[in-house]
Structure formats: structure tokens, C-alpha cells
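Presented below is the structure to which this report refers.
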Amino acid sequence: MKKGIVIIPTYNEIDNIEVVAQAVFSLDLNLDILIVDDNSPDKTYEKVRELIKESYGDRLHLIVREKKEGLGKAYIAGFKWVLAQPEGYDFVIEMDADLSHNPKYLPRFVEAIEHYDLVIGSRYVPGGGATDWPLFRKAISYGGSLYSRLLLGVTIKDITGGFKCFRREVLETINLDTIITSGYAFQIEMNYKVALKNFRIIEVPIIFEERI
């Protein structure tokens, strides 16, 4: 069975991190987790160290960065760590720490990555959506994605979505030192770079849930 790793950036997520780790590890999947913590004032990283020692051992990994520098730099640090590992992960998943990205969709990602190079959990394909979003927020989110798609000339409907799975080979072809954006723009930039290289991309429906 191919092996993957879930990268989860954290900043003050001490109340959520054990819950999300349990949710991922409860699945019958060959997955590790890498937490990339931006030196959280609430000491999320100490909780992760406790979970490594007492519960998950070498299935749970931790990077502690010096300061908060944004989502994009956290993921880049995670990607570089993964690509440097001698055991070689076959695919890499991006996921939020607060369960707005529900781990129940991970089996769908793992199945799809067998046939595609990038799997995007999409709010904007049939079956996808978001819970408890007011109409104006839905309009802004969808409008932003539509504008970015048209501007860049790509067909990805949820181009700002941050719940996704890359084949290792995809990340190996991207010069990660050239990524200059963070936040939603980071997701757009990464998706655009993958699309430019004509990798196989699929969007699978997810329901985005408000953070716990």
C-alpha cells in the first residue's frame, strides 16, 4: 500500500490538535501526520510532542518554526521536509487543523490519487459546498475563485481550496523556493503551477465546515 502524509499547519490549535490527529489515525489508511507549528503562544507544539511520546510515535512528526509567517511558508517548510525523508512518501495532503476539512474525505483523496496527480477537495463541484456560510460569504468566495480562474486561464473550479492531495512527483517538479504567496493566494499559485505542467487534476466534492 502506498504511503502518504498529511501536513497540518498550526497556530494556537492546542484545543484541536489531538482531535484532528485521532480522526486521521482512526482511518484505515497508510498515513502519517506532519504538524508545522509557528511557535504557537498556546504551546500547541508541546501538546504534539506529548502525543508523539504517549500515543503515535513515529507516525506523528513536528516542525516548530521561529515565528508566524503565514500558511504558504508553513506548507513550503512541510513540503521540503517530506521530500527530504529517506523513506519516501508517495503523496502529500494539505489539511486544516480545525476540522473545517473533515478527515472523512481522506479515503476519497487516497483513492483518487492513484489515478491523478493532484486531487482538490472542492466546494464548487456537484455535491460540494460549505456549512453555515451567509450568502455574501458564499458569493465572495465563489466570485474570487471564478475571477482567478478566468484571469489565469485554468479550469479548476475551487482554485482557492486548501484541502488537497499531491503526488510526490508533482512537488518534486516545482521549485518551492520560487513560491512567493501565502493564504488563499498560495493555494492559487500552487494550483496554477501544477496546471501549467499539464498534470492530471481532479476535483472531488467536499463540504467545508466552520472551524471548531
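The values are calculated or read from the model by the stated rules, or taken from the named source; none is laboratory data. Note that the structure is a prediction, hence the values are computed from the model and not measured. Every residue, glycine among them, receives a Cβ derived from its backbone with ideal geometry; neighbour counts consider all protein chains shown.
Only one residue in Val82, Val20, Val24 is buried (at least 19 other Cβ atoms within 10 Å of the Cβ), within 19 Å of Ile179 (Cα to Cα), β-branched (Val, Ile, Thr) and in contact (Cβ under 8 Å) with a residue 60 or more places away in the chain. Which one? Steps first, please.
On the way: Val20 fails: within 19 Å of Ile179 (Cα to Cα); Val24 fails: within 19 Å of Ile179 (Cα to Cα).
Going through Val82, Val20, Val24 in turn, the sole match is Val82.
Out of curiosity, is Glu94 under 24 Å from Glu169 (Cβ atoms), modelled with pLDDT of 95 or more and not aliphatic (A, V, I, L, M)?
On the way: under 24 Å from Glu169 (Cβ atoms): yes; modelled with pLDDT of 95 or more: yes; not aliphatic (A, V, I, L, M): yes.
So Glu94 passes the test.
Restricting to the stretch 71-91, name every residue that is part of a loop (DSSP other than H, G, I, E, B) and modelled with pLDDT under 95.
As a first pass, look at the stretch 71-91 and keep what is part of a loop (DSSP other than H, G, I, E, B): 84-90.
Hits for the stretch 71-91 are Gln85, Pro86, Glu87, Gly88.
Of Ile156, Ile120, Ile180, Ile188, which residue is at pLDDT 85 or above and assigned to a strand (DSSP E or B)?
On the way: Ile156 fails: assigned to a strand (DSSP E or B); Ile180 fails: assigned to a strand (DSSP E or B); Ile188 fails: assigned to a strand (DSSP E or B).
Every option except Ile120 fails the conditions.
In a helix (DSSP H, G or I), of a type in the set (Phe, Trp, Tyr), within 19 Å of Thr181 (Cα to Cα) and touching a strand residue (DSSP E or B) at 6+ places or on another chain (Cβ under 8 Å) - does that describe any residue in the stretch 101-109?
So the first thing to find is which residues in the stretch 101-109 are in a helix (DSSP H, G or I), and the list is 103-109.
When the remaining residues are screened for being of a type in the set (Phe, Trp, Tyr), the result is 105, 109.
This time we only want the ones that are within 19 Å of Thr181 (Cα to Cα), so: none.
So far as the stretch 101-109 goes, no, none of its residues is in a helix (DSSP H, G or I), of a type in the set (Phe, Trp, Tyr), within 19 Å of Thr181 (Cα to Cα) and touching a strand residue (DSSP E or B) at 6+ places or on another chain (Cβ under 8 Å).
Going through the stretch 46-64 one residue at a time, which ones are outside any helix (DSSP H, G or I) and among the hydrophobic types (A, V, I, L, M, F, W, C)? Don't jump to the end; show me each part of the working.
To start, the set of residues in the stretch 46-64 that are outside any helix (DSSP H, G or I) comprises 60-64.
Within the stretch 46-64, Leu60, Leu62, Ile63, Val64 meet the criteria.
What is the residue count in the stretch 5-15 for residues that are more than 21 Å from Lys73 (Cβ to Cβ) and touching a Leu at 6+ places or on another chain (Cβ under 7 Å)?
Of the residues in the stretch 5-15, 0 are more than 21 Å from Lys73 (Cβ to Cβ) and touching a Leu at 6+ places or on another chain (Cβ under 7 Å).
Provide a single number: the residues in the stretch 35-75 that are of a type in the set (A, V, I, L, M) and in contact with a Pro (Cβ under 7 Å, 6 or more places away or on another chain). Spell out the reasoning first.
Within the stretch 35-75, the subset of a type in the set (A, V, I, L, M) is 35-36, 48, 51-52, 60, 62-64, 71, 74.
Cutting the leftovers down to in contact with a Pro (Cβ under 7 Å, 6 or more places away or on another chain) gives us 36, 71, 74.
The number of residues fulfilling the criteria is 3.
When both residues are 6+ apart or on different chains and their Cβ atoms are under 9 Å apart, which pairs have a first residue that lies in the stretch 31-51 and is in contact (Cβ under 8 Å) with a residue 24 or more places away in the chain and surrounded by 23 or more Cβ atoms within 10 Å (Cβ to Cβ), and a second that is in a strand (DSSP E or B) and among the hydroxyl-bearing types (Ser, Thr, Tyr)?
Within 9 Å, the pairs are Ile35/Thr10; Val36/Thr10; Asp37/Thr10; Asp38/Thr10; Thr44/Thr10; Val48/Thr10.
Could you tell me which residue of the stretch 1-45 is nearest to Leu60 (Cα to Cα), considering only residues that are outside any strand (DSSP E or B) and among the small types (Gly, Ala, Ser)? Write out each step before concluding.
Taking the stretch 1-45 and keeping what is outside any strand (DSSP E or B), we get 1-3, 11-30, 38-45.
Those left that are additionally among the small types (Gly, Ala, Ser): 21, 23, 26, 40.
Values: Ala21: 8, Ala23: 13, Ser26: 13, Ser40: 18 Å.
So, considering only residues that are outside any strand (DSSP E or B) and among the small types (Gly, Ala, Ser), the one nearest to Leu60 (Cα to Cα) is Ala21.
Would you call Glu18 more than 24 Å from Lys157 (Cα to Cα) and at pLDDT below 95? Full working, then the answer.
Values: more than 24 Å from Lys157 (Cα to Cα): yes; at pLDDT below 95: no.
So Glu18 fails the test.
Of the residues in the stretch 191-201, how many are buried (at least 16 other Cβ atoms within 10 Å of the Cβ) and touching a residue at least 40 places away in the same chain (Cβ under 8 Å)? Walk me through it before giving the result.
Residues of the stretch 191-201 that are buried (at least 16 other Cβ atoms within 10 Å of the Cβ), as a first pass: 191-195, 199, 201.
Imposing the further condition that a residue be touching a residue at least 40 places away in the same chain (Cβ under 8 Å) reduces the set to 191-192, 194-195, 199, 201.
Matching residues across the stretch 191-201 total 6.
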